[in-house]
Amino acid sequence: MKQIILSGCNGKMGHVISDIVMGRDDCTIVAGFDLNTQRQYDYPVYTKPSEYTGSGDVIIDFSHPSLLTSLLDYAEEKKIPIVLATTGYSKAQLEEIHAAAQRLPVFFSANMSLGINLMVELAKKAASVLGGSFDIEIIEKHHNQKIDAPSGTALMIADAVSGVLSEKPQYVYDRHSQRKKRDKNEIGIHAIRGGTIVGEHDIMFAGRDEILTISHTAMSKEVFASGAVNAAVFMCGKAPGLYNMKDMV
């Protein structure tokens, strides 16, 4: 049975992951990290990684970008893989993740949903066929408590689409300040925040007299939590490197 260390265990996603792991027989949570040390499950909770001296096979992180360096250092010290499911990393932190993957197994995806990652592949195919003559817009919707905008998933989609276009596009986030026609070589990215929306992403390819839209709707946080737990089990015993959902699928 794989031993999971859960960072951000007392957050909303931490609770969902804990509930999912309780129903599985291939893994268990042996410890959690969180500023709130109230014990809500069978495992002990510590405020920071250095306080836990026990063993573990893999770390799942659903906490905050500010904890990235300490978690990577801990994973390297313990020589165990880490699954990074937190969003909102800066460009410098993304470089830190890539550097860490030279020394330890790192699983990183802006979205742990299998459906979203299939959506990305479909969007790349559509962009390779339509990108030269269709305008591309990405619309993402999330609950009113989400801090980062646009979502990491929206940027992941934009980067994937950008990678198959013949000319690198410009990302445009704010049209109200631009009094001009839409440029041909751009991808519009729009964020909507409201209510309890778990997560919705639409990629619109708008051409002359026709529109193609690829959509994904998450109905609960379980799709992300299940993906993270599956990634954790998958990562156990892996060699150093940067892994993502495509590797697991």
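When each of VAL58, VAL45 is tested for being under 25 Å from LYS2 (Cβ atoms), open to solvent by less than 20 Å² (accessible area, probe 1.4 Å) and of a type in the set (A, V, I, L, M, F, W, C), the lone residue that passes is VAL58. A single member of SER55, SER63 is part of a loop (DSSP other than H, G, I, E, B), within 18 Å of GLY237 (Cα to Cα) and out of contact with any Lys or Arg (no Cβ under 7 Å at 6 or more places or on another chain), and it is SER55. For segment 200-249, a tally of residues being closer than 19 Å to ILE138 by Cα, under 16 Å from the mean Cα position of the chain (by Cα) and open to solvent by 60 Å² or more (accessible area, probe 1.4 Å) returns 1. Look at segment 17-52 and say how many of its residues are out of contact with any Asp or Glu (no Cβ under 6 Å at 6 or more places or on another chain) and not in a loop (DSSP other than H, G, I, E, B). The number of residues fulfilling the criteria is 17.
Of all residues in segment 1-19, those satisfying the criterion of being more than 20 Å from GLN145 (Cβ to Cβ), surrounded by 17 or more Cβ atoms within 10 Å (Cβ to Cβ) and not polar (S, T, N, Q) are LYS2, ILE4, ILE5, LEU6. The set of residues in segment 168-187 that are within 26 Å of the chain's Cα centre (by Cα) and closer than 12 Å to GLY131 by Cβ comprises LYS168, PRO169, GLU186, ILE187. Residues of segment 142-173 that are open to solvent by 60 Å² or more (accessible area, probe 1.4 Å) and touching an Asp or Glu at 6+ places or on another chain (Cβ under 7 Å): GLN170 alone.
The values are calculated or read from the model by the stated rules, or taken from the named source; none is laboratory data. Predicted model only: the values in this text are computed from it and were never measured. We place every Cβ from the backbone using ideal geometry, glycine too, and count neighbours over all the protein chains shown. What goes into the accessible areas is simple: the full protein's heavy atoms, side chains included, and nothing from ligands, DNA or RNA. Shrake-Rupley method; radii C 1.70, N 1.55, O 1.52, S 1.80 Å.
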